[in-house]
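Read the figures in this text as sums done on the coordinates, not as results from a lab. Keep in mind that what you see is a predicted model, and the values were worked out from it rather than measured. Here the Cβ positions follow ideal geometry from the backbone for every residue, glycine too, while neighbour counts run over all protein chains shown.
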Amino acid sequence: MTLPRAAGVPSPCIDVCRMDPATGWCLGCRRTIDEIASWSRLSDAERRAVWRQLDARRPAASASATVTASATAKPR
């Protein structure tokens with residue numbers, strides 16, 4: 001993944017705003033509630049640091065989503 005340039009680091013939000021109770025991350029952007037709440041106050045360097053963490057969270061988020069989906073699936 002190419003990280004955004006220094007000026008105007010965009011939010012990773014994709015408008016899928018739901019927190020995963022197993023990981024504490026948003027199911028859409030994989031940020032924590034603290035990262036989401038503080039985003040507008042973070043410096044560009046801090047925002048890029050959050051972006052770097054998001055790729056590392058992808059495998060764990062996918063595994064958690066699979067477990068959550070199977071736990072909530074209704075038997076046929």
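Remark: spin-label model distance Asp55-Asp15 equals 2.7 nm, labels positioned 7 Å along the Cα→Cβ axis. With the highest mean first, a sort of the peptides 42-50, 8-16, 28-36 on other beta-carbon atoms found within 10 angstrom per residue produces 28-36, 42-50, 8-16.
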